[in-house]
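Readers should treat all values here as calculations from the given coordinates under stated rules, not as data from a laboratory. Just so it is clear, the structure is predicted and the values come from calculations on it, not from any experiment. Virtual Cβ from ideal backbone geometry, glycine too; neighbours counted across all protein chains shown.
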Amino acid sequence: MKIASEKEREFILNNLNSDTNKLLLQSNEEDIDVKFCVKQIIGYNKAKEKFPSLLEKNNLLFPPKINLEQTSSEQTAKYKASLFPKNSTLRDLTSGFGIDIIFFAKELKKVYYHEINYELACIAEENFKALGLDNIILNKGNSANDIDSLEETDIIYLDPSRRDENNKKVFLLKDCQPDIIEILPFLFDKAKTICIKLSPMLDIKLAIKEIKFIKEIHVISVKNECKELLLILEKSYEKEIKYTCIDFDTNGKINKFSFTTEKSITRLAEKKELRMGAYIYEPNTSILKAGGFHSLCERFEVSKIASHSHLYISEKEIEDFPGRKFIIKTILPYNNKILKTLSTRYPKANITIRNFPQTVSEIRKRTNVKEGGEKYLFFTTNKENEKIIISCEKS
């Protein structure tokens with residue numbers, strides 16, 4: 001494994017904003033491996049987006065781009081580290097580049113790093129030294145083959161690989177490596193708590209069917225884009241699952257909504273309630289992913305526009321609703337006459353579909369309404385199964 005020399009480190013720092021393709025075309029300067037330096041420049045700039053606070057140490061090493069794309073962001077890693085008691089010990093069986101481990105190590109008593117990719121483990125080892133983290137025990141090798149020999153810890157953490165042998169993404173649990181379902185009984189012999197990070201594309205209901213003893217499910221979004229599912233398991237746990245929906249907004253503020261078992265009955269809005277001056281609420285993506293539709297109605301005394309529309313309405317403005325808020329300006333029927341004149345009314349508008357048979361691009365093509373502006377158009381279906389267009393402005 002190569003480590004940057006002082007001259008190469010200087011070259012990297014001087015070229016962080018350079019065109020990396022042009023740098024590769026230039027011949028190697030004396031004592032400078034340009035190809036290696038370009039990989040570090042690409043890594044640095046990717047890291048600046050995902051975990052900027054670690055870059056105060058300019059001598060960190062970065063792996064290939066694909067490994068950086070797979071790693072957690074600083075926000076999500078910090079959140080996970082906050083979930084466990086500070087005197088805990090944690091074993092990460094699939095540590096990768098080690099961002100999760102770094103933030104676990106900053107909060108917990110002791111953590112164990114395991115990684116099958118030898119080069120990746122060596123890079124992580126150098127970075128742990130650079131960051132002054134002396135409570136990380138590093139192990140290079142296939143941890144899934146050595147479970148019997150592991151010492152007990154309070155927590156075992158896994159982020160199974162979601163790529164197949166051809167490096168294509170997979171989303172089903174059975175296609176991940178290691179096979180969680182197969183090794184889970186053995187893991188509970190080594191820790192009371194198991195924490196599993198999964199793809200945001202995974203069907204949560206399917207995960208509940210396949211994985212036993214789930215105590216908590218955390219759905220984590222950044223800027224309203226779902227990034228991670230986190231399952232916390234406790235051996236023999238059979239009570240209600242607690243769902244926690246997290247969204248880090250554009251200002252870094254954490255929006256949080258928690259619920260347990262969903263209620264089976266939700267109040268649906270009457271047609272007369274959809275009127276000018278009423279408020280429309282669109283829940284955060286993490287809540288939609290977790291399926292907390294009915295809990296929102298109970299918590300905030302709002303009504304759903306329709307069973308499957310996932311938009312909510314209220315006479316009053318709710319300051320702490322976990323999502324976007326709008327005030328209705330008008331309700332339009334969805335018909336050919338309205339569609340022909342829609343671009344005259346709204347030359348530019350932000351379009352969202354909820355429980356609607358057409359895509360946004362199809363609607364734009366048909367109506368010629370351009371993207372952007374201060375107006376928001378929700379194409380949706382009401383309680384009576386009528387297609388409608390709700391014109392709003394942000395509240």
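Label sites at ASN87 and ASP249, each approximated as a point 7 angstrom past Cα along Cα to Cβ, lie 3.8 nm apart. Placing +1 on each Lys and Arg Cβ and -1 on each Asp and Glu Cβ, with no other charges, gives the chain a dipole about its Cα centre of roughly 2160 debye.
I'd like the FRET efficiency for LYS212 and LYS65, computed as 1/(1 + (r/R0)^6) with the beta carbon distance as r and R0 of 25 Å, rounded to 0.05. The formula returns an efficiency of 0.10 here.
Considering only SER161, TYR281, VAL222, the residue lying farthest towards the positive end of the dipole of the chain is TYR281, judged by Cα position with unit charges set on Cβ.
Restricting the calculation to alpha carbons of the chain gives Rg and Dmax of 24.9, 77 angstrom. In terms of distances greater than 22 angstrom between alpha carbons, the cross-link table entries LYS242/LYS289; LYS169/LYS192; LYS39/LYS109; LYS46/LYS223 yield LYS169/LYS192; LYS39/LYS109. If you take the beta carbon distance between LYS242 and LYS329 as r and set R0 to 45 Å, what does 1/(1 + (r/R0)^6) give as a FRET efficiency, to the nearest 0.05? Approximately 0.70, to the nearest 0.05. What you get for region 329-395, charging only the Cβ of Lys and Arg (+1) and of Asp and Glu (-1), is a dipole of about 180 debye around the Cα centre. The C-alpha atoms of region 271-394 occupy a region whose extents along the principal axes are 40, 26, 25 Å, arranged from largest to smallest. Note on GLU29 and PHE300: the extension gain reaches 91.1 nm, defined as 0.36 nm multiplied by sequence separation minus the Cα-Cα distance.
Against the empirical 2.2 N^0.38 Å (N residues), region 6-67 has a Cα radius of gyration ratio of 1.07.
Excluding same-chain neighbours fewer than eight residues apart, the lysines reachable from LYS329 by a Cα-Cα span under 23 Å are LYS271, LYS272, LYS304, LYS316, LYS337, LYS340, LYS348, LYS370, LYS375, LYS383, LYS387, LYS394. When each of the peptides 375-388, 285-298 is scored by how many other beta carbons lie within 10 Å of its residues on average, the order from highest to lowest is 285-298, 375-388. Each Cα pair under 8 Å and six or more residues apart adds its separation to the average, and for region 271-394 the resulting relative contact order is 28 percent. Placing +1 on the Cβ of every Lys and Arg and -1 on the Cβ of every Asp and Glu, with nothing else charged, gives region 271-394 a dipole about its Cα centre of roughly 660 debye. Projecting the Cα atoms of ALA290, TYR376, ILE181 onto the charge dipole of the chain (Cβ charges, centred on the Cα centre) puts TYR376 farthest toward the positive pole. Of the residues THR250, ALA191, ILE99, the one whose Cα sits farthest toward the positive end of the charge dipole of region 74-259, with +1 on the Cβ of Lys and Arg and -1 on the Cβ of Asp and Glu, is THR250.
For region 101-188, trypsin sites (Lys or Arg not before Pro) are listed when DSSP marks them as loop and at most 12 other Cβ atoms sit within 10 Å of their Cβ; the list is LYS168.
Each listed q (0.11, 0.15, 0.17 Å⁻¹) maps to a log10 I(q)/I(0) for region 74-259, found by the Debye formula over equal Cα scatterers with no solvent: -0.47, -0.92, -1.21.
Helix 336-345 axis versus longest C-alpha principal axis of the chain: approximately 70°, rounded to the nearest ten.
If both residues of a DSSP beta bridge must be in region 128-229, then about 65% of such bridges are antiparallel. What is the P(r) of region 331-395, as percent of Cα-Cα pairs per 5 Å bin from 0? In whole percents, the pair-distance histogram is 4, 18, 33, 29, 12, 4, 0.
Taking only the Cα atoms of region 88-157, the ratio Rg/Rh comes out at 0.93, with Rh defined as the Kirkwood radius.
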